[in-house]
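Inspection log for the structure reproduced underneath, given as structure tokens.
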Amino acid sequence: MADRISPVSQNKPVAGFSHRACAVLLQYHAWPDRYAEMARGLATRCGLPEAPRPGKAARGATAGLLRVHPQRLWLVAEEGRVSDHPKLGAEIGATLDLSHARTIIHVSEDSAVPLLSRFVAIDLRPHRFAEDDIALTPIHRVGVVLWRRADGIDVLAPRSFARSIWELLAEAAA
């Protein structure tokens with residue numbers, strides 16, 4: 001398989017911005033009556049005691065789980081391959097590989113709140129948007145997922161808009 005090159009890898013470096021690796025991004029969507037079963041299985045697989053609640057993320061030894069919808073989890077891993085992770089049976093739900101669909105732009109803790117607050121209507125201060133909180137929101141009319149990490153905020157942007165979001169944030173940071 002060809003190496004995946006990030007659309008932001010050739011952008012001009014900006015202080016406080018970086019690109020976080022996203023080797024695997026799988027979306028798991030369970031049928032309404034099978035969500036608990038799916039969530040338990042994925043949490044166990046990731047080494048977590050339980051799956052995250054809505055609007056939360058949890059990081060395990062092998063991957064992170066993000067609860068992006070009442071019946072949907074995203075599994076995010078910085079290393080590995082899609083084949084390292086389970087697929088759901090049709091009786092439980094559906095698995096969709098989004099690994100090529102998103103780019104992760106990391107905004108450092110120093111810059112994250114003042115910069116991203118210009119673009120989103122969410123209180124991003126750490127006591128309101130704590131570590132492992134997630135939010136689905138638009139940045140300049142493009143739907144993104146924000147994930148508070150210990151060292152800043154990750155912006156999981158659609159690959160086709162990642163470069164323009166990087167440039168928009170860089171311009172605002174300047």
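A few remarks follow.
- Every pair of residues 6+ apart whose Cβ atoms lie under 7 Å, when the first sits in the range 149-174 and is part of a strand (DSSP E or B) while the second is basic (Lys, Arg): Asp154/Arg20; Leu156/Arg102; Ala157/Arg102; Pro158/Arg102
- Any chance Val120 is touching a residue at least 24 places away in the same chain (Cβ under 8 Å), β-branched (Val, Ile, Thr) and out of contact with any helix residue (DSSP H, G or I) (no Cβ under 6 Å at 6 or more places or on another chain): yes
- Hits in the range 116-137 (condition: surrounded by fewer than 11 Cβ atoms within 10 Å (Cβ to Cβ) and in contact with a Gly (Cβ under 9 Å, 6 or more places away or on another chain)): none
Yes or no, residue by residue, for (1) without any contact (Cβ under 8 Å) to a residue 60 or more places away in the chain; (2) crowded, with 20+ Cβ neighbours inside 10 Å; (3) hydrophobic (A, V, I, L, M, F, W, C):
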| site | (1), (2), (3) |
| --- | --- |
| Ala63 | yes, yes, yes |
| Glu79 | yes, no, no |
| Asp84 | no, no, no |
| Gly89 | yes, no, no |
| His100 | no, no, no |
| Ile104 | no, yes, yes |
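- The residue of the range 71-117 that is modelled with the lowest pLDDT, among those that are of a type in the set (S, T, N, Q), within 17 Å of Val24 (Cβ to Cβ) and not in a loop (DSSP other than H, G, I, E, B), is Ser83.
- As a summary of the residue check, Val68 satisfies the conditions (1) part of a strand (DSSP E or B); (2) in contact with a Phe, Trp or Tyr (Cβ under 7 Å, 6 or more places away or on another chain); (3) β-branched (Val, Ile, Thr); (4) not assigned by TED's automatic domain parsing to the domain that holds Trp31 except for the one numbered (4).
- Residue match in the range 84-92 (condition: under 25 Å from Ala162 (Cα atoms), within 18 Å of the chain's Cα centre (by Cα) and not aromatic (Phe, Trp, Tyr)): no
- Among the residues of the range 44-65, those identified as in a loop (DSSP other than H, G, I, E, B) and more than 17 Å from Ala30 (Cβ to Cβ) are Gly47, Pro49, Gly55, Gly60, Ala61, Thr62, Ala63.
The values are calculated or read from the model by the stated rules, or taken from the named source; none is laboratory data. Predicted, not measured: the structure shown is a model, and the values here were computed from it. Virtual Cβ from ideal backbone geometry, glycine too; neighbours counted across all protein chains shown.
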